[in-house]
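The structure appears below as structure tokens.
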Amino acid sequence: VDQYAARHNPFVYFHSIIDYSTCQRNDVDLSRLPADLASESATPDYAFITPDLCADGHDATCADEASPGGFAGIEAFLREWVPRIEASPAYRDHGAILVTFDESASGASSCCGETTGPNTLNNGGTTIGSGGGRVGAVMVSPCIRPGTVTQTAYNHYSLLRWVEDDFGLVHLANAGAAGLETFGSDVFTRPACPSGQGPE
């Protein structure tokens, strides 16, 4: 039974993507990733992976009644896919994996000067607030010393800005906010990535 939620894939909401044949080539099923990881040239420069509702912790039980849901589902998904990515040539060449969530279990607080985003009256959905509550994030990379912890306050726009900077793109919406912190030497702590340059 398919528990994939298209609403968790932001790319299918942009006409600049879905109106072109490149969408079918680039917005693909996760089953293609192992072949892509076989060589650095075949690996995408950026991959956004969103598991289904069973493996992302959203549903406590899975429709197939065999797979684990909830936190056990998250654990099983990460144990399968993170080692595959870490073993790839592209990851070993200044790659990075970031695991985070779109919202917390409750609350609509935000940090870092986040304001209401475009196309919404309220970031918190049915709960009044400018964010989705506090969430955790874990990043692994050859550019990060194991055990690194940063006390810098980041939000989802910090992540977006970091990606945009990495690809030389203009900042979209709140990612262009003045004073917004983005990942630097507090995150990328390995000497192999000087001055917080981070993954390439």
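The values are calculated or read from the model by the stated rules, or taken from the named source; none is laboratory data. These figures come from a predicted structure and were not determined experimentally. Heads up, the Cβs are rebuilt from the backbone with ideal geometry, glycines too, and the neighbour counts pull from every protein chain shown. Side chains are part of the model used for accessible areas, which takes the heavy atoms of the whole protein and leaves out ligands, DNA and RNA. Shrake-Rupley method; radii C 1.70, N 1.55, O 1.52, S 1.80 Å.
Within the stretch 138-164, can you find the residues that are part of a helix (DSSP H, G or I), open to solvent by less than 50 Å² (accessible area, probe 1.4 Å) and closer than 18 Å to ASP102 by Cβ?
Within the stretch 138-164, the subset part of a helix (DSSP H, G or I) is 156-164.
Add one more test, that the residue is open to solvent by less than 50 Å² (accessible area, probe 1.4 Å), and what stays is 157-159, 161-164.
Answer for the stretch 138-164, where residues must be part of a helix (DSSP H, G or I), open to solvent by less than 50 Å² (accessible area, probe 1.4 Å) and closer than 18 Å to ASP102 by Cβ: TYR157, SER158, LEU159, ARG161, TRP162, VAL163.
Of the residues THR43, THR61, THR50, only one is among the hydroxyl-bearing types (Ser, Thr, Tyr) and open to solvent by 40 Å² or more (accessible area, probe 1.4 Å); which? Full working, then the answer.
Working: THR43 fails: open to solvent by 40 Å² or more (accessible area, probe 1.4 Å); THR50 fails: open to solvent by 40 Å² or more (accessible area, probe 1.4 Å).
Selected residue: THR61, the only one of THR43, THR61, THR50 that is among the hydroxyl-bearing types (Ser, Thr, Tyr) and open to solvent by 40 Å² or more (accessible area, probe 1.4 Å).
Being open to solvent by less than 70 Å² (accessible area, probe 1.4 Å) and of a type in the set (A, V, I, L, M) is the filter; apply it to the stretch 89-126 and report the residue that is farthest from ILE144 (Cα to Cα).
ALA108
Run TYR13 past the list (1) open to solvent by less than 50 Å² (accessible area, probe 1.4 Å); (2) among the hydroxyl-bearing types (Ser, Thr, Tyr); (3) at pLDDT below 95 and report the number of the one that doesn't hold.
Here TYR13 clears every test but (1).
Within the stretch 16-24, identify whether any single residue is under 21 Å from the mean Cα position of the chain (by Cα) and of a type in the set (Asp, Glu), and answer yes or no.
No, the stretch 16-24 has no match at all.
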